[in-house]
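J.: Sharing a structure below in C-alpha cells format, with a few things to ask.
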Amino acid sequence: MNTSEITSLPPFSNHPYFDFTDAEVKRRMQQTLAEVENKLGLEYDLVIGGRRVKTAEKILSINPANPSQVVGRHQMAEAEHADDAMTAALKAFESWSRTTVAERVEFVLRVSRLLESRYMELCAWLTFEAGKNWAEADADVGECIDFLEFYAREALRLDQAETPIKFPGERNQLRYVPLGVGAVIPPWNFPLAIMAGMTMAAVVTGNTVILKPSVDSPTIAAIFFSILEEAGLPDGVVNFCPGAGPGFGRAIVAHPQTRFVAFTGSKAVGLEIHESAAVTRPGQRFIKRTILELGGKDAIIVAEDCDLDAAVEGVAVSAFGFNGQKCSACSRVIVEDSIYDVFCDRLRERVATIQQGPAVENFYAGALINQIAVDRVMKYIEIGKGEGRLLLGGDKIESETNGYYVAPTIFADVAPTARIAQEEIFGPVLAVIRAKSFIQALEIANNTEYGLTGAVYSKSPERLELASREFQVGNLYLNRKCTGAMVGAHPFGGFNMSGTDSKAGGADYLLLFTQAKSIAERL
C-alpha cells in the first residue's frame, strides 16, 4: 500500500461472523479442525531479537476437553531471559520508534490481511487450545482483526492531532510519541483477540514489546507471532516469551527499563503488577505506566416491567457463554420481587437446555480451561450450597476423555453479601438475588469492589436513564446481554477493582501507549 492508500482507508466496520448453521460453512469448519488436529503437538521456540531459543523446561499446552492431547510444546522463559529480551527490545525501539506512522500502519494492515487469509484455521486452533465452541472462536478471531483495523485507523487519526488553539505568533504542534519497551501479558480466555490487541496497539504507536502469553494458551500466540514474522516484523519489535508469572512475568514487570505493562487477568495478579510497577528501581528514569483490565462480578438487573423472554435469554448466555470464563460474564442476576419466582423457573428451564461436550464438536458448553479452574469452581459451589438454594447443576461432569467439565450451576435466594455474590468465580456459577425495588436492585448491583460490566432489562425509559447515571460500571448494556463488546461501539474497561478503565477498542486506547509532546515555534 502506498501512503495515499493508507491515509484514505475506508471507515472502520466490524468483521462479519460465520453462519455455522450453513451446511457448507459447517463442512469447512470440520475440515479445518481435522487439518489443525494433524498439526497438534509441534514444538515452538522463544524468539528474542529474532533469535530462536530453547530451554530445558517446557510448557505443554493441552486440549481442556481431552487433557491427554497436547496442542503445543513450548519453551519456558525464566527470569534470566528478561535481560536478553529487554536488550533486544531496546535495540529495536531505536529504529522502530523512528519509523513513520504510515509505515507502522501498513505493517499492521498486512498482519490483518494475513489473519483474514487464515481465519477459519485460527478458529480451529482456539477450539483445541482454549476450548471455545465455534461461535466463540469466531468472535475471538473477528475481534482480533477488528482491533488491528481499528487501531490502524486510530494511529492515523492521532498523527493528525492539533492543539486546541493556535497561539498568535506561534506554530503549535501536538505529537504523540511512543513510550518505550512494554511488557504485554494477555489472558488465556481471549488468547488471540486480547493478546493481539494489546500487542499491536503498542506496536502501531511505535513501541516495542516483550510478549508473555499465558501458559494455558501459548500456541495461538506462537501462530500469531509467526504471522507477524511473515508480515515483515523487524527483529526485536515483538519478542515471544511464554513463561510462568512468578518467574519471567515478575522479572520483566520489575525490570527498570520496562516502560509500561499492559495486562489483562485477575485482580490479584493485576494489583501485584501495579504494586511492583510503582517501585522505582536503580537505573529507572520514568514512572512506569500500567494498563490493567482485571476481573468483574457483573450483574444484570431484571426489572418487573421487562421483556421476560429477552431477560431470561440474556442472562443465560451472559452467565454461561464460554462457561462463564469471561471477565464480562454475568455472575449475579438481581430480580425484582414481583417476578422473582417466575424468572427463576424460566431461567432454570432455559439453562437446562444447554448441551455440554467437546468444543471441537461445537457443544455450547465445553470444558473449563484446566484442573485448577475445576477445583476453584467446585469450591465455590460447595460454598454456594450453604449460601443459597441450588436451582440447577452443582456437579462435575465425567467424560471418557477426562475433560474439565462442570455443569452450569444456578443458586437462588442468595444474599447480596454472600461470598458467591461478591467474589469472582470465573466459571459457570450464577447467583440469583431478590430485590424489593428497582432502587434496591441498583444498590445491590453497586455493592461490590468491581465495576466492569452490567445490564438492565426494563421497558421504562425512566429506569433505564436512572441506571445509566447510577449503575457504576465501565460497560453498561440496556435490554441486551452484558457480554460481547464490539470494537468501536463498546470501548471496553471497568471501574474500581476491575482495572484502569483502559477502554480497549475505543478512541482513547492508543493514548495509553504514548506520551504527548507539545511543540511551540515562534514565527
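J.: Can you pull out the residues in the stretch 431-450 that are over 22 Å from G494 (Cα atoms) and assigned to a loop (DSSP other than H, G, I, E, B)?
T.: K436, S437
J.: Under 6 Å between Cβ atoms, at least 6 apart or on separate chains: pull out the pairs that start in the stretch 47-75 with a residue that is more than 30 Å from N362 (Cβ to Cβ) and end on any residue that is surrounded by 13 or more Cβ atoms within 10 Å (Cβ to Cβ) and aromatic (F, W, Y).
T.: V47/F240
J.: Mind checking which residues of the stretch 465-523 are among the acidic types (D, E) and outside any helix (DSSP H, G or I)?
T.: D501, D508, E521
J.: A further question follows. Inside the stretch 304-322, can you point out the residues that are assigned to a helix (DSSP H, G or I) and not aliphatic (A, V, I, L, M)?
T.: D309, E313, G314, S318, F320, G321, F322
J.: Turning to a different aspect of this structure: Go through the stretch 403-419 and give me each residue that's part of a strand (DSSP E or B) and not hydroxyl-bearing (S, T, Y).
T.: V406, I410, F411, A412
J.: With the requirement that a residue be of a type in the set (G, A, S) and either part of a helix (DSSP H, G or I) or over 23 Å from L510 (Cα atoms) (or both), what does the stretch 216-267 give you?
T.: Across the stretch 216-267, the qualifying residues are S217, A221, A222, S226, G243, A244, G245, G247, G249, A251, A254.
J.: Within the group T55, T32, which residue is surrounded by 12 or more Cβ atoms within 10 Å (Cβ to Cβ) and either of a type in the set (D, E) or in contact with a strand residue (DSSP E or B) (Cβ under 6 Å, 6 or more places away or on another chain) (or both)?
T.: Of T55, T32, the one residue that is surrounded by 12 or more Cβ atoms within 10 Å (Cβ to Cβ) and either of a type in the set (D, E) or in contact with a strand residue (DSSP E or B) (Cβ under 6 Å, 6 or more places away or on another chain) (or both) is T55.
J.: Return the only residue of G41, G50 being under 29 Å from E94 (Cβ atoms) and either modelled with pLDDT of 95 or more or exposed (fewer than 11 other Cβ atoms within 10 Å of the Cβ) (or both).
T.: G50
J.: Would you point out the residue of the stretch 274-305, among those that are among the acidic types (D, E) and within 27 Å of A504 (Cβ to Cβ), that is surrounded by the most Cβ atoms within 10 Å (Cβ to Cβ)?
T.: Within the stretch 274-305, the match that is surrounded by the most Cβ atoms within 10 Å (Cβ to Cβ) is D298.
The values are calculated or read from the model by the stated rules, or taken from the named source; none is laboratory data. Everything quoted here is computed from the prediction, not taken from an experiment. Note: ideal-geometry Cβ built from the backbone for every residue, glycine included; neighbour counts use all protein chains shown.
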